[in-house]
Amino acid sequence: MQKSIFIFILFLVQIVRTQELKMAPIKEGYFVPLYGASSKNPVAVKSFFMDVYPVTNQQYLSFVKKNPEFRKSKMKGIFADKSYLGYWISDVDFGNNNTKSPVTNVSWFAAKKYCECQGKRLPTMDEWEYVAMADEKKIDARTKSEFNQYILSWYEKSKTYENSIGKTFKNYWGVYDMHGLVWEWTLDFNSIFLSGESRKDKSEDKNLFCGGASVNASDLMDYAAFMRYAFRGSLKAQYSTRNLGFRCASSTNINLK
C-alpha cells in the first residue's frame, strides 16, 4: 500500500516538473500513418515527452553563446548551408525579431545538437505525427474537415514564423503550434542520411521533417498532410529555410533522471 502511494506521488511530481520544463507527457498509443510502406497498419508509439512549444530565438541564442561552433560565422558548410540563421544580424544578435518567435533557418544537424545539449532529442516522425493529428478535444482529428481546412489555411498565410509561440490552439496533449506557425524537423532523417547511396534511399527524402503526406499516403483526401510531405521532399540535413524550425522530445522526463 505504501509503495503504491509512493509511486502515485512520484507520478504527480513528474507531471508538475514536466510542466515546469514546458514538456507535455504523451501517452502511448497506436495510429495509422499517412505515409510509407506500413501506412495500412497501425504504428505503435511509446509514451514520451514533447516540448509544449517550438524552440525560440531567445532559447537558441543561449545555445550558440554556450556552443560557439554553432554560431553563424563559424558553422561548417557540411553541417549547414549559407542560409543558416540568415535573418540574424550577427552571431549573437537576432536583430529586431521577436524573442518569442520560433528560431528558423536551422539545419537538422544544428537542431539535433541543440536538443542533445538540453538532455533531449528531436521527436521521431511517428511521434510528431501522432501528436500533430490531435485537435483541442480529439486524439485523432484527421477525419474532421475543419481540422484539415485549418491547416490548409495556414499554408496560404505568409510570415507566420514571425508570430510568437503559443498563439495557435492547445491540442489534446497540451501542445501548441504543431500547425500554424512553422514546419519542424524530426529525428528520422539521421538514418536516411547515413544510408543514402542507392536510388531507393533518395526517394525517402520525403520523410525528413514534419509540418504532412506522400504519394504513398493511406488517405489521399488529406491534402493538408499531402502538402507537408511534398514540401519536405526537397530538403537535405544541412538545408535551412525561413519557415523551418524544431522542438525537442524525450523518452523520459529528463528532470527525474
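The values are calculated or read from the model by the stated rules, or taken from the named source; none is laboratory data. No experiment lies behind these values; they were computed from the predicted model shown. Cβ atoms come from the backbone with ideal geometry, glycine included; neighbour counts cover every protein chain shown. Heavy atoms of the whole protein, side chains included, go into the accessibility calculation; ligands, DNA and RNA do not. Shrake-Rupley method; radii C 1.70, N 1.55, O 1.52, S 1.80 Å.
Every residue, every condition in (1) in contact with a Leu (Cβ under 6 Å, 6 or more places away or on another chain); (2) modelled with pLDDT of 70 or more, yes or no:
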residue: Thr160; (1), (2): yes, yes
residue: Tyr176; (1), (2): no, yes
residue: Glu197; (1), (2): no, no
residue: Phe209; (1), (2): no, no
residue: Val215; (1), (2): no, no
residue: Leu220; (1), (2): no, no
residue: Leu256; (1), (2): no, no
Taking first residues from the stretch 122-135 that are within 12 Å of Trp173 (Cα to Cα) and second residues anywhere that are open to solvent by 10 Å² or more (accessible area, probe 1.4 Å) and assigned to a helix (DSSP H, G or I), the pairs with Cβ under 7 Å that are 6 or more apart or on different chains are Asp135/Phe147
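Of everything in the stretch 124-177, what is in a strand (DSSP E or B) and under 14 Å from the mean Cα position of the chain (by Cα)? Give them in sequence order.
Quick first cut of the stretch 124-177, residues in a strand (DSSP E or B) only: 170, 176.
Across the stretch 124-177, the qualifying residue is only Tyr176.
Take the conditions among the basic types (Lys, Arg) and out of contact with any strand residue (DSSP E or B) (no Cβ under 9 Å at 6 or more places or on another chain) and apply them to Lys66. Does it pass? If you could, list the steps in order and put the result at the bottom.
Values: among the basic types (Lys, Arg): yes; out of contact with any strand residue (DSSP E or B) (no Cβ under 9 Å at 6 or more places or on another chain): yes.
Yes; evaluated as a whole, the condition is true for this residue.
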The one condition Phe109 fails out of (1) over 24 Å from Phe169 (Cβ atoms); (2) touching a strand residue (DSSP E or B) at 6+ places or on another chain (Cβ under 9 Å) is (2)
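May I ask you to verify whether Lys65 is modelled with pLDDT of 95 or more, surrounded by 12 or more Cβ atoms within 10 Å (Cβ to Cβ) and not in a helix (DSSP H, G or I)? Talk me through it step by step, then tell me what you get.
Working: modelled with pLDDT of 95 or more: yes; surrounded by 12 or more Cβ atoms within 10 Å (Cβ to Cβ): yes; not in a helix (DSSP H, G or I): no.
Taking the combined requirement at face value, the residue does not satisfy it.
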